[in-house]
1. Using the per-residue mean of other Cβ atoms lying within 10 Å as a proxy for protection, in what order, highest first, do the peptides 102-108, 69-75, 79-85, 89-95 fall?
2. Quick one: 3J(HN,Hα) in Hz for the stretch 145-153, Karplus 6.51/-1.76/1.60 with θ = phi - 60°, rounded, Gly and Pro as x.
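None of the figures in this text is laboratory data; all of them are computed from the coordinates on show. In this text the structure is predicted, and so the values were computed from the model without any measurement. Please note: Cβ atoms are built from the backbone with ideal geometry, for glycine as well, and neighbour counts cover all protein chains shown.
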Amino acid sequence: MTPRSASITALLAAAALALAGCSASGESATPPSGDAAPSSAPATEPSSPASSGDEAGMALIGMVGTADDPDAYEIALTDADGQPVEMLAAGDYTLTFADRTAAHNFRLTGPGGVDVATDVAGTDETSVQVTLVAGTYTFVCDPHPATMVGEVEVTG
Ligand SMILES: [Cu+2]
């Protein structure tokens, strides 16, 4: 009994360490010099695009439906704050799907061979890495391309 519970405790400790390591690396985008001037750090921007851009790319959200009604016939490409984006600078982005319905999907296509999508059936809130180059990208719900469609302009 005692050895068994001890090993479980060790496992939990290891898991806790792993979790701590993950969240720590997630915040490591801040340059080392950041500690030297904490007073000037923008406290109101815990996840500014600039600081996260170096590691995994700036954050985009591909949303179908709405927060209140995942089945709603709406589609949007937004920034991390949920604000729709119409223009973007070329670069690497982390696109997180917000597809909480089996009625719709989210697909982003455009220059550079970008074609990422969720399945219509089922939900998907995973993230993918995309590299956007200059040009026009289209996001669409495949079953409803007439009403659930939009564009974003990427400048080089
Ligand atoms: Cu749809």
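1. Per-residue mean Cβ counts within 10 Å order the peptides as 102-108, 89-95, 69-75, 79-85.
2. x, 7, 10, 10, 7, x, 10, 9, 9
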